[in-house]
Each structure stands twice: as C-alpha cells, then as structure tokens.
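What follows is a short report on a single structure.
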Amino acid sequence: MKYLSGVGLAAIVVLFTCSITKRQTDKTLQNSAPFPIGVAANVRLLLHNAAYRRVVLTEFNSITSENALKWTTVHPDYNRFDFSAGDSLVKFALDNHKRVHGHNLVWIVHNPSWLNYFKGDSAAWENLLKTHIQTVVSHYKGKITGWDVVNEAFLRNGNLAMSGGEGNGKNNANCIWPKLVGRDYVARCFIYAHQADPAALLFYNDYGQEVSPAKVSAIINMVTDFKRRSIPINGLGLQMHLTLATPKSGITYALKKLAGTGLLIHISELDISTNQNNQPNFLYSDDVQQKQADLFAFVVQQYKLLVPEKQQYGITLWDLGDGDSWIRGTYKRMDWPLLFDEKYDRKPVYNSFQKALQLK
C-alpha cells in the first residue's frame, strides 16, 4: 500500500474542496428549475454595476425589459423612437444566451406626455397604436421571444379599465385606448403584434388575479372570445405582486383557472412585500423572513403542480435586489420583497425558493 506525501494529500484536499465549491455554485436558480427563471432588468445597472450583472448572468436564463420598452422610453416623441436602451438589453441577453421577454407594448399608464396632446379622430388614434406596436415588434423580430402585448386592461371588479390604474397615481390617468380607439382595442393590439412578428409569443399580463376572481373570469372570457374569433394569443401573465397577507387559496385558484385555458402561463412580476402596512419602524425579523420564504416556496410549488409542463413559460422576479424594488420608490417605504439584498447577496429566502424549484 502506498502512502500519500503531504503534498499529494494537500492536492487531493484542494481538488475535493474545489469540487464541493463548484457543486454549491452550480445550484443557481436557472439550473434548479425545469422552466426559465427570469428577472426584470434595469439597463443602467446591467451595463454599469458589476455585482448586478454577475448575479443576472449567474442566476437567470430569461430577462424581461423592465422599463426599456415602455412607451415613455421607446417612443418619447410622436415622430421619434429611441431603441438605445432596448437594444442594449437585448444585445446583453442574446450575447449571454438568455431569453428576452418584452414588456410592454400597450398600457393605460406609463405613457409619454405628448400622448396627452395628440389630436385626431378614432382612425388617427388607431393608426398611432398600430404604428407603435408594429414598429417596436418589427425592430426586435426574431430577437424577443415573447411580448406582454397589453398590460392591465381590467379592473379588480372585472370591468374594462377606463381610467388609469385604480389609484396608482401615475401619469395619463384617463385610459385613452378604449375611449379613443374602442373597447375592442385589446384584440386589435394582438392582431397588430402578430402581423409584425408571427413567431413571437403574445401574452396578456395583469396584476391582482390572486385576490380577484372577477378579474380572473374577465380574462378567461377574453381568451374564450379571442379563440372564437381566431385572435392570436399564446399566454397569460400573472404579475403576482404579493404580500404576506395574500391568501394562498387565491394563488391556487388563479393558477388553476388560468391554466385551464390551455395557454402558456407566466408568473411575470413576482415579489412579496413584507411591510405592506407602511410601518416606519418595521423590522424585517427572522419570523417575517420565514413567512416570506414559505410563501415564495408555495408559489413555486403551486405553479409546478397546477400548470402543465407544456404551459410553463417560467417565473420572473420583478427587479433583482431589495434596493432596486419599485415598492420602495412607489410607496416611499422600506421593504424587502426579493431574493437578493441591496448588495445583491442571496438572502435566506433565496434558499426556500431555490429548493422548491428543485423538488419533483
């Protein structure tokens, strides 16, 4: 029997340690899930923050355009489109073999101020809508896999939204599209997007479905109507901006009912607010983190259980680190809704989410 020298033994220890480290490193989100795991990416941080970029590269295989392709950014003036931010995001994603999901082509808010002053009859507004959709989709034809064609067209009561966003306080409060183009504008948006890129997957995206059966019913009725009229639609996005008070039964109900349409299902903007009551001295305690971790895991479990594999488009987190979250900016409060902290380090809730992705 041969005995190892001190040097030989040390070499084996190093190799063994490196092997363990590699296995631990390999357990990222993107290689733990049987479907794509995405993040809504901030272009400025993606290009100029090394820590942010490293986590996006390591953890995710799908990237959603957070703000880069909304009207305000991509169509800032009537006669001018600005694709610089979108092009940077798409190039980064494709260079690194990431799927790109476009968000969004039409929304009742987040529109440029010039739209408030546009003058014209219904035909002029229709042409404006069609031109915007087809210019943007054509520009990214063959590069962007799927689009949120229309975002948040329904209210919680299931009615078509005729004003902007149920108290979200954003610009362009009057919903111009159903008023000036017609109540069937959603269908026409899908037709225009399909004409521009027949291979793109087209989604309807909305919030609050887990707390609003009426909205779920309205969306299902829309899908049924689209199928009857051969309007192209491929998927449904459930934003799932949750809180610790969100009833689990509502999450289950929404996923089950919407999966019943047979369309692709995308959990498209997932985050879980912990300080939903805007408490100024709120403590992100171990107990709070455990409740958040349990809910993150529950969402994954229900998605895998209730959405057939062929319909699993993936789960996307809305923003990367807690410091980037829209919740802090919109509600002016401290909150910790994501899997990564302000330095883009994994939080304990990451482990629950990642383990749930791996479970059979």
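I need the full set of residues from region 40-54 which are of a type in the set (A, V, I, L, M), open to solvent by less than 50 Å² (accessible area, probe 1.4 Å) and farther than 20 Å from residue 267 by Cα, in order please.
Initial filter on region 40-54 (of a type in the set (A, V, I, L, M)): 40-41, 43, 45-47, 50-51.
Pick out the ones that are also open to solvent by less than 50 Å² (accessible area, probe 1.4 Å) and you get 40-41, 43, 45-46, 51.
43, 45, 46, 51 - these are the residues of region 40-54 that are of a type in the set (A, V, I, L, M), open to solvent by less than 50 Å² (accessible area, probe 1.4 Å) and farther than 20 Å from residue 267 by Cα.
Selection over region 338-360 of residues that are aliphatic (A, V, I, L, M) and open to solvent by 50 Å² or more (accessible area, probe 1.4 Å) gives a count of 1.
I need the full set of residues from region 227-240 which are more than 22 Å from residue 309 (Cα to Cα) and either surrounded by fewer than 19 Cβ atoms within 10 Å (Cβ to Cβ) or of a type in the set (D, E, K, R) (or both), in order please.
We begin by selecting, within region 227-240, every residue more than 22 Å from residue 309 (Cα to Cα); these are 228-231.
228, 229, 230, listed by residue number.
Of all the residues in region 75-125, those that are touching an Asp or Glu at 6+ places or on another chain (Cβ under 6 Å), open to solvent by less than 10 Å² (accessible area, probe 1.4 Å) and either small (Gly, Ala, Ser) or farther than 15 Å from residue 177 by Cα (or both) number 1.
Looking at region 73-83, which of its residues are among the polar types (S, T, N, Q) and over 21 Å from the mean Cα position of the chain (by Cα)? Full working, then the answer.
Filtering region 73-83 down to residues among the polar types (S, T, N, Q) leaves 73, 79.
79, the sole residue that qualifies.
Any residue that is polar (S, T, N, Q) and surrounded by fewer than 17 Cβ atoms within 10 Å (Cβ to Cβ) - is there at least one of those in region 322-337? Yes: one or more hits. Restricting region 280-304 to residues that are farther than 22 Å from residue 317 by Cα and in contact (Cβ under 8 Å) with a residue 12 or more places away in the chain, which is most open to solvent (accessible area, probe 1.4 Å)? Checked region 280-304; the qualifying residue most open to solvent (accessible area, probe 1.4 Å) is 280.
Among the residues of region 97-127, the ones that are closer than 20 Å to residue 188 by Cβ, at pLDDT 90 or above and under 27 Å from the mean Cα position of the chain (by Cα) come to 7 in all. In this structure, residue 272 does not satisfy being under 18 Å from residue 32 (Cβ atoms) and surrounded by 15 or more Cβ atoms within 10 Å (Cβ to Cβ). If only residues of region 208-226 that are in contact (Cβ under 8 Å) with a residue 40 or more places away in the chain and of a type outside the set (A, V, I, L, M) are counted, the one that is surrounded by the most Cβ atoms within 10 Å (Cβ to Cβ) is 209. Count of region 189-212 residues, restricted to those that are within 26 Å of residue 240 (Cα to Cα) and over 21 Å from the mean Cα position of the chain (by Cα), is 0. Suppose the filter is outside any loop (DSSP other than H, G, I, E, B), aromatic (Phe, Trp, Tyr) and out of contact with any Lys or Arg (no Cβ under 6 Å at 6 or more places or on another chain); does residue 204 pass it? So residue 204 fits the description; yes.
Of all residues in region 217-251, which are out of contact with any Leu (no Cβ under 7 Å at 6 or more places or on another chain), polar (S, T, N, Q) and closer than 23 Å to residue 197 by Cβ? Within region 217-251, 230 is the sole residue that qualifies.
The values are calculated or read from the model by the stated rules, or taken from the named source; none is laboratory data. The shown structure was predicted, so the numbers you read here are calculated from the model rather than taken from an experiment. Glycine also receives a Cβ, built like all others from the backbone with ideal geometry; neighbour counts cover every protein chain displayed. Side chains included, ligands, DNA and RNA excluded: accessible areas come from the protein's heavy atoms. Shrake-Rupley method; radii C 1.70, N 1.55, O 1.52, S 1.80 Å.
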